[in-house]
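A.B. asks: Please find one structure pasted underneath; my questions will follow.
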Amino acid sequence: MEKFIEKSKPYVAMISLQFGYAGMNIITKVSLNRGMNHFVLVVYRHAAATVVLAPFAFFIERKVRPKLTFPIFWQIFVLGLLGPVIDQNFYYLGLKLTSPTYACALSNVLPAMTFVMALIFRMEKVNIKNIRSQAKIVGTIVCVGGAMLMTLYKGPIVPMVWSPHRQSPETSSTAASGIDNKEWIMGSLLIIAATLAWSALFILQAAVLKKYSAQLSLATLICFMGTIQATVLSLAVVRNPSQWALGWDINLLTAVYSGVVASAIAYYVQGLCMRVKGPVFATAFSPLMMIVVAIMGSIILSENIFLGSVVGGVLIVIGLYAVLWGKVKDSKISTGKSGSQVLSNSQIILSENQNKAVDIEAASNTLVCHGPEAHQINSGDTAISITENNNPKI
């Protein structure tokens, strides 16, 4: 039972995080519709995240934090520009022009975009004859096709079973035509641009982590740098001081909730899960957020879901898991190559400078024989035989 609970923790954590992300999308949409400026929201969100993360980063990583050199500082500056400034502002504006469900579904092209960018920067290798590479290429094409379908085609409104009343086809077509197509397309392009910036952040962050391995400190610095950059941008764009005011309302809730849950807690939980299960594991749960947002949005916001969004969303999810499948197979093969060595004739040569008893015990624990034949391991003048039951005989 304890092992089951321990193995279930990453799954429970990532599922809970998707509900947290879904809540962020819903309350952010409400806040933006009520007049919250998205530039100001980005500032408050990452300021809250910085305040929450900084104490943990200072005390937990105090002894393991690497030296912050100027090249690393410059790269963190770019990370703050890509994530908090470009990605968040574009995403919030796209969310305001479309809907939470649509924004979540379209942002699922992230793994495909990351794969393409990694391919451009030679961080990813492709062999067209390999089924893993074929899956990643086809999955990327399907993701892009789904994103184009969602952008260019809305179609009729899809009625939901939990809706208070079903709409007739005439009402659905009228509602669909009443939505500004130009705003819809512009919102789609902004969400795609935000996802592209987020993909670039992943690529650069992977390179920075090799030199600056303190993940919690890096997340804090990115949020802090993003707060400063977003503040400068907001002061230049937002001239009305009243738009900076926060009361005890939905705007304050959105800023604090987004900063604490969607930034601070999310960085920590994703870091733990990626350390145990890898980055592919964390990405695989993103379609769940789309489903949760679709249900919450149609109930709370009376959001209309169009046929083009449903079909395009399904294509994106199919392409997403094709890319993830190829990545999982690649990681398994690379792990197998780095973690094991091919032994010829079951012979292990042990160093004479090492303790023979320790070497023999380690070898007997790792070498498992299949079949009745016994294998012999030689170490100087000492020999052991590993039998079918893996019991060493000296």
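Bear in mind these aren't lab numbers, they're just calculated from the coordinates by the rules spelled out. Being a predicted model, the structure only gives us computed values, none of them experimental. A quick note on method: Cβ atoms are made from the backbone with ideal geometry, for glycine too, and the neighbour counts reach across all protein chains shown.
A.B. asks: Give me the lysines in straight-line cross-link reach of LYS67: C-alpha distance below 18 Å, same-chain residues under 8 apart excluded.
C.D. replies: Partners within reach: LYS210, LYS211.
A.B. asks: Here is a follow-up. Arrange the peptides 95-102, 305-312 so that the one whose residues have, on average, the most other Cβ atoms within 10 Å appears first.
C.D. replies: Order by mean packing, descending: 95-102, 305-312.
A.B. asks: Next up: For labels at PHE77 and ALA206 in the simple 7 Å Cα→Cβ model, what's the distance in nm?
C.D. replies: 2.5 nm
A.B. asks: Multiply the residue gap between SER16 and VAL256 by 0.36 nm, knock off their C-alpha separation, and tell me the result in nm, one decimal place. Walk me through the numbers before you get to the answer.
C.D. replies: Details: separation 240, 0.36 × 240 = 86.40 nm, distance 1.81 nm.
Result: 84.6 nm gained on full extension.
A.B. asks: If the cut-off is 24 Å between C-alpha atoms, which lysines fall inside it for LYS9, apart from same-chain ones fewer than 8 positions away?
C.D. replies: Within the straight-line cut-off, LYS9 pairs with LYS277, LYS327, LYS329, LYS332.
A.B. asks: Efficiency by 1/(1 + (r/R0)^6): what FRET value for VAL138 and ILE185, r their Cβ-Cβ distance, R0 = 25 Å, to the nearest 0.05? Mind dumping the intermediate values first?
C.D. replies: Numbers: r = 26 Å, r/R0 = 1.05.
For VAL138 and ILE185, the calculated efficiency is 0.40.
A.B. asks: If you don't mind, there's one more thing I want to ask. Filter the chymotrypsin sites (Phe, Trp or Tyr not before Pro) in region 115-155 down to the DSSP loop ones having no more than 15 other Cβ atoms within 10 Å, then list what survives. Numbers along the way, then the final one.
C.D. replies: Working: sites: PHE115, PHE121, TYR153; in loops: PHE121, TYR153.
Qualifying residues, ordered by number: PHE121, TYR153.
A.B. asks: Which shape class, rounded, prolate or oblate, goes with region 7-152 when its Cα gyration tensor gives a ≥ b ≥ c as root eigenvalues, a/c under 1.5 marks rounded, and past that a/b bigger than b/c marks prolate? Intermediate results must be reported in sequence, preceding the final value.
C.D. replies: On the way: a/c = 1.65, a/b = 1.12, b/c = 1.47.
Oblate.
A.B. asks: Amide H of PHE306: which non-local residues (sequence gap of 5 or more, or other chain) have their own amide H closer than 5 Å, using H built in the peptide plane?
C.D. replies: Hits under the 5 Å cutoff: VAL158.
A.B. asks: First measure r as the distance between the Cβ atoms of LEU307 and ILE128, then evaluate 1/(1 + (r/R0)^6) with R0 = 30 Å and state the FRET efficiency to the nearest 0.05. Each step should come with its number before you reach the end.
C.D. replies: Numbers: r = 35 Å, r/R0 = 1.15.
Once rounded, the FRET efficiency stands at 0.30.
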